[in-house]
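Peer 1: The structure under discussion is supplied below as structure tokens; questions concerning it will follow.
Only the coordinates and a few stated rules stand behind these numbers; no lab work does. If you're wondering where the values come from, they're calculated on a predicted model, not measured in any experiment. In this analysis, Cβ positions are derived from the backbone assuming ideal geometry, glycine residues included, and neighbour counts consider all displayed protein chains.
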Amino acid sequence: MKKHERIKIISDQIRIKGQVSLFDLSQQFNVTIRTIRNDLKELQTKIGCEIFRGGAKKKKINYGSLYTSVYNKNFNLKINNNYLSTQNDTKSQILNSSQSNTDDYKKIFILGSFNIDICVEVDDFASIGETLAAESINYYSGGKGTNQATAASCISDKVHLTVKIGSDALSFKAQEFIKNIPLMSRTVLMDNEYSTGQAVIVSAKKAGNNKVYANLGANLHITLNEIEQDLCHLDQSDILLTQLENNFDVTKHLIQRAHNQNILVVLDPSPLNLNCIPLLQQVDIILPNQVEASKLSNIEILNYESAKEAAYKIHGMGPKHVIIKMSKDGCVYFNGEKFWIFPTYKSYVVDTCGAGDAFAGAFVGELSRGKTIKESIKFANSYASLKIERKGASNMPKRELAISRLLEKTN
């Protein structure tokens, strides 16, 4: 391993863990303690870490003042506003606001899924008929909606989550995990017939990507009657974030209800169901990944230019704002008038599971805090780049770390 690669990993570990030790690093990289000490001295100049006897730690930063310096800029974002209300134009307020008082944060309603994730780490994906040894197999709590709610709750304290789980051996673990997410409120529905959702996630180091196989179980069996009893939470919200891992009829009902109530509708169309296309007229912001955008638009996305073509075509289906997530290539944003490209941040990839969920949760979390779409995308890119440095789809970073990475990029 080259010196600059080793120093980058040490820098990331200081940022994520808070501190590192000379002995552990010398064992990790199989070099002398003197070599590590010299690395830390170099990092002290670059990132301002504090060196102490036996290691180094992250220097404390006043994130409040730094956050203001990064985000209090005029991005001159033009919004197509066709949703004026005589009482309260909530969507326009969310997309153009700049409040910072937590009492003024917009409320987020997330209809989502809960799965037990079985995460398999391999060096590379197996070919058809080939058997490969896995490097590790781990079990985590997950599900797109739950992951997104976990991320959003790290950003905003105004998050409600509605999920459904089974009455099986996994339900206790599911309830414990959901209870520990710092949500404003939650609705956990139980199903006596169908099992708690499960997903097998295979992550390949060489590909730097993953493949997911899901048995959604109880997630697919939320009933209209159950969701009707939960509408009091939706009607008090300003933003709806949902995916397509739940009963489609219920998802459709919520999107229509939110649209009619002038609530900002954000859709992560995953796993893609082409039956969602007629619903896109009632979606304000859509967040497909590269594969989903290709299938929605029938345009193969190979680069930024083809992504722009796909975004333009998807915009014509109804959404006012199209944000295509392109993994290590960042994302492309189209608002009906102009395109923007947001490069990603360099990361030390540990686990790509949940990166898209981290982006979606951080994105709506920042909207809740009054940030513009462009500001929220920039923050979500930073946040997702930190997520992939952690194991577990629901293992989300703190907001302050994303701000720190933004500042590193800015400086």
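Peer 1: Give me the distance in nm between label points sitting 7 Å out from Cα along the Cα-to-Cβ direction at Ile51 and Lys328, one decimal.
Peer 2: Between Ile51 and Lys328, the label points sit 3.3 nm apart.
Peer 1: Note down the Stokes-Einstein diffusion coefficient of the chain in µm²/s, whole number, using a Kirkwood radius over alpha carbon pairs, 10 °C, and 1.306 mPa s.
Peer 2: 72 µm²/s
Peer 1: Tilt of helix 144-155 relative to the longest C-alpha principal axis of the chain, in degrees (0 to 90, nearest 10)?
Peer 2: 70 degrees
Peer 1: Run the numbers on the chain and let me know its relative contact order in percent, using alpha-carbon pairs under 8 Å that are six or more apart.
Peer 2: 17 percent
Peer 1: I've got another one for you. Using only Cα atoms, tell me the angle between helix 3-17 and the longest principal axis of the chain; keep it within 0 to 90° and round to the nearest 10.
Peer 2: For 3-17 against the chain, the angle is about 60 degrees.
Peer 1: Can you pick out the pairs among Lys328/Lys371; Lys8/Lys387; Lys206/Lys371; Lys57/Lys211; Lys173/Lys378; Lys3/Lys57 whose Cα atoms lie more than 28 Å from each other?
Peer 2: Lys206/Lys371; Lys57/Lys211; Lys173/Lys378
Peer 1: With an 8 Å Cα cut-off and a minimum separation of 6 or more residues, compute the relative contact order for the stretch 302-411 in percent.
Peer 2: Taking the mean separation of contacting Cα pairs over the length of the stretch 302-411, I get 21 percent.
Peer 1: Starting with the fewest neighbours, write out Met396, Met1 ranked by other beta-carbon atoms found within 10 Å of each beta-carbon.
Peer 2: Listed from fewest to most nearby Cβ atoms, that is Met1, Met396.
Peer 1: Pairing the Cα long axis of helix 355-368 with the longest principal axis of the chain, what angle in degrees results, from 0 to 90 and rounded to the nearest 10?
Peer 2: For 355-368 against the chain, the angle is about 70 degrees.
Peer 1: What is the gain in length, in nm to one decimal, between Phe172 and Leu224 on full extension, counting 0.36 nm per residue of separation less the C-alpha to C-alpha distance?
Peer 2: 16.2 nm
Peer 1: For the stretch 238-255, just list the computed ³J(HN,Hα) in residue order, Karplus coefficients 6.51, -1.76 and 1.60, θ = phi - 60°, integers in Hz, with x standing in for Gly and Pro.
Peer 2: Per residue, the Karplus-derived 3J(HN,Hα) values read 10, 9, 10, 10, 8, 10, 10, 8, 9, 3, 4, 4, 5, 4, 4, 4, 5, 4 Hz.
Peer 1: Over the stretch 3-57, what is the mean sequence separation of C-alpha contacts under 8 Å (at least six apart), divided by residue count, expressed as relative contact order in percent?
Peer 2: Across the stretch 3-57, relative contact order equals 37 percent.
Peer 1: As a footprinting exposure proxy, order Glu228, Glu309 by other Cβ within 10 Å, with the fewest listed first.
Peer 2: Fewest to most other Cβ atoms nearby, the residues stand as Glu228, Glu309.
Peer 1: Taking neighbour Cβ counts within 10 Å as the exposure measure, how do Thr196, Thr35 sort from fewest upward?
Peer 2: Thr35, Thr196
Peer 1: Between Val291 and Glu42, what is the label-to-label distance in nm when each label sits 7 Å out along the Cα-to-Cβ direction?
Peer 2: 3.8 nm
Peer 1: Please sort 182-194, 330-342 by packing, taking for each peptide the average over its residues of neighbouring beta carbons within 10 angstrom, highest first.
Peer 2: The peptides rank, most packed first, as 330-342, 182-194.
Peer 1: Okay, next question. Given points 7 Å out from each Cα along the Cα-Cβ axis, report the Glu309 to Phe248 separation in nanometres with one decimal.
Peer 2: Once both label points are built, they end up 2.8 nm from each other.
Peer 1: Right, another one. With a ≥ b ≥ c taken as the square roots of the eigenvalues of the C-alpha gyration tensor of the stretch 3-57, please select rounded if a/c is under 1.5 and otherwise prolate if a/b is larger than b/c or oblate if it is not?
Peer 2: In terms of gyration-tensor shape, rounded.
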